[in-house]
1. Check every one of the helices (runs of 4 or more DSSP H) wholly within the chain and list those with 2 or more residues that are modelled with pLDDT under 70.
2. Being touching a helix residue (DSSP H, G or I) at 6+ places or on another chain (Cβ under 9 Å) and under 19 Å from residue 41 (Cβ atoms) is the filter here; which residues of the stretch 10-25 pass it?
C-alpha cells in the first residue's frame, strides 16, 4: 500500500476546492473558524431537508428510515 494521500481524490470530495484563484487551484488550510463540507455530507443533508424532515408538531418522532440512514 502506498504511503501518503491521494490529493486528487480528496479534492474531488470537496466541491469548494474546484475553484481557481488567480488562475491557480484553490488551496485551503483548515482553521478553527470554519471548515468545508465533503460532497457526501452536502448530498445527505439535501436529502434530509428535502424529503425526510419530520413534522414540526412532533419533533421527537423521526421516521424509521431516517434513523436507519443516519
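The values are calculated or read from the model by the stated rules, or taken from the named source; none is laboratory data. Small disclaimer: the values here were computed from a predicted structure and weren't measured. All Cβ positions, even for glycine, are placed from backbone atoms using ideal geometry, and neighbour counts span all protein chains on display.
1. Those helices (runs of 4 or more DSSP H) span 64-69.
2. Restricting attention to the stretch 10-25, the residues satisfying the condition of being touching a helix residue (DSSP H, G or I) at 6+ places or on another chain (Cβ under 9 Å) are 10-15, 17-18, 25.
Those that are touching a helix residue (DSSP H, G or I) at 6+ places or on another chain (Cβ under 9 Å) and under 19 Å from residue 41 (Cβ atoms): 10, 11, 12, 13, 14, 15, 17, 18.
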